[in-house]
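Here the structure is laid out as structure tokens; the discussion comes afterwards.
Nothing in this text is a laboratory measurement; each read-out follows from the coordinates by a stated rule. This structure is a prediction, so every number in the text was calculated from the model and none was measured. Cβ coordinates were reconstructed from backbone atoms using ideal geometry, including for glycine residues, and neighbour counts include every protein chain displayed.
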Amino acid sequence: MTRRRYVFGNWKMHRTKLEAVEFVKAIIPLLSPISLRERDAVGIAPAFTSIEAMKVLEDNLPFRFLPGAQNVFWENQGAFTGEISIEMVKEAGARFVLVGHSERRMFFAETDEVIAKKLSAVRTAGLLPVFCVGESLSEKEQGKTEEVLRSQLLGGLASFPDIDEIVIAYEPVWAIGSGKAASAKDVLGAHACCRQVIAEKFSPKAAEKVSILYGGSVKPDNVNELANVDGVDGFLVGGASLSASSFADIIVRFYQEV
Ligand code: PEP
């Protein structure tokens, strides 16, 4: 089965709208020569204030480009100061939403229950949820990686009727922003574990179909090796997506490699 492939950028709390516009201008010529299968896509989740600036990429690149959001609240509207609704990011042009990123779990105390609500709301609204899971360093050192992945996946997907229209991103917390990506062996094992959990909860066919990305210090110089790991369907890229040249390099290398 050929799964959908994605390379998504996560800009976190970086880049003003002006800087986003400059980035867009710089990356268009770098990406214009490449062609992707119709099912594949590239996307960027910038700050909310820059989602609209990504529309230029959606309109001008010769393949599917998806503007995204880094977070949303699950209610449609109400007295939730500081939150943003799915309808609001959709209106700004978002087509996918990151849910369960480790920085949201860590700094904003997002629990599996909160993540489950967000995943369901995003999917119901017709946007693509990119569901992030991954173990911390101490969990890895205690040999608990598979246990953590299982519990995060089952917690977040508790009320999901099926696994269609969702992407999973395996992001070991210790690899995020550390400059040290997980080894091919670690990624292989973690992706296989995620697929096994999906097979048990939904079906082996669903597990075969779901796209699973890797995230954590992906850079142009390690993308080829990681792209060749069985079960890796693309990447979620933080730091290296902030530079037009390194993000374009990752995209070109990945889609040429696989
Ligand atoms: C991320 O924030 O999702 C991420 C993978 O960051 P980095 O690529 O910088 O490790």
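The residue list Ile51, Ala175, Gly216 was ranked by how far each Cα lies along the charge dipole of the chain toward its positive end, using unit charges on Cβ atoms, and Ile51 comes out on top. Rg/Rh for the stretch 85-171 (Cα atoms only, Rh after Kirkwood) is 0.99.
Between Gly43, Gly238, Gly82, where does the largest GNM mean-square fluctuation fall for the chain, given springs only between Cα atoms within less than 10 Å? Result for the chain, Cα springs under 10 Å: Gly82 fluctuates most.
Here, the stretch 1-58 has an Rg and a Dmax of 12.6, 42 Å when only alpha carbons are counted.
In terms of packing, defined here as the mean over residues of other Cβ atoms within 10 angstrom, the peptides 69-75, 33-39, 58-64 line up highest first as 69-75, 58-64, 33-39. Here's the list of aspartates and glutamates a cross-link from Lys12 could span, going by alpha-carbon distance under 18 Å and ignoring same-chain residues fewer than 8 apart: Glu22, Glu52, Glu83, Glu103, Glu110, Glu171. A convex hull fitted around the alpha carbon atoms of the stretch 37-106 yields 99 Å³ per residue.
Mind putting a number on the dipole of the stretch 1-156 about its Cα centre? Charges go on the C-beta only, +1 for Lys and Arg and -1 for Asp and Glu, and I need it in Debye to the nearest 20.
Values: 21 positive and 20 negative charges, 99 e Å.
Computed charge dipole of the stretch 1-156: roughly 480 debye.
Suppose R0 equals 22 Å; then what is the FRET efficiency for Asp221 and Lys185 from their Cβ-Cβ distance, rounded to the nearest 0.05? Rounded to the nearest 0.05, the efficiency is 0.75. Straight-line reach from Lys17: taking Cα to Cα under 21 Å and skipping same-chain neighbours fewer than 8 places apart, the lysines in range are Lys25, Lys55, Lys90. Couplings 3J(HN,Hα) of the stretch 230-237, computed from phi: 4, x, 8, 9, x, 9, 10, 10 Hz, in residue order, whole Hz [Karplus 6.51 cos²θ - 1.76 cosθ + 1.60, θ = phi - 60°; x for Gly and Pro]. Taking every alpha-carbon pair under 8 Å whose residues sit at least 6 apart, the chain reaches a relative contact order of 20 percent.
Could you compute how fast the stretch 128-185 diffuses translationally, taking Rh as the Kirkwood radius over C-alpha pairs and applying Stokes-Einstein at 4 °C with viscosity 1.567 mPa s? Give it in µm² per second.
On the way: Rh = 12.4 Å.
The diffusion coefficient I find is 104 µm²/s.
Between Ser178 and Leu154, the modelled labels are 2.6 nm apart [label points 7 Å from Cα along Cα→Cβ].
Separation of the stretch 126-167 from the stretch 40-69 is 25 Å, based on Cα centroids.
For the stretch 205-258, the C-alpha radius of gyration divided by 2.2 N^0.38 Å, with N the number of residues, is 1.14. Each stretch of four or more DSSP H residues adds -39500 (n - 2.57); spread over every residue of the chain, this sum gives -12000 deg cm²/dmol at 222 nm. Highest-first packing order for the peptide set 179-185, 105-111 is 179-185, 105-111, based on the mean count of other beta carbon atoms within 10 Å.
Just so you know, the averaged projected area of the alpha carbon convex hull for the stretch 139-243 sits at 6.8 nm².
Multiply the residue separation of Ser138 and Gln256 by 0.36 nm, subtract the distance between their alpha-carbon atoms, and state the gained length in nm to one decimal.
Working: separation 118, 0.36 × 118 = 42.48 nm, distance 3.56 nm.
Taking 0.36 nm per residue and subtracting the Cα distance, the gain is 38.9 nm.
Hey, any idea what Rg/Rh is for the chain, computing Rh the Kirkwood way over Cα pairs? Result for the chain is an Rg/Rh of 0.93. Of all lysines in the structure, the ones whose alpha carbon falls short of 20 Å from that of Lys140, not counting any fewer than 8 places away in one chain, are Lys180, Lys185.
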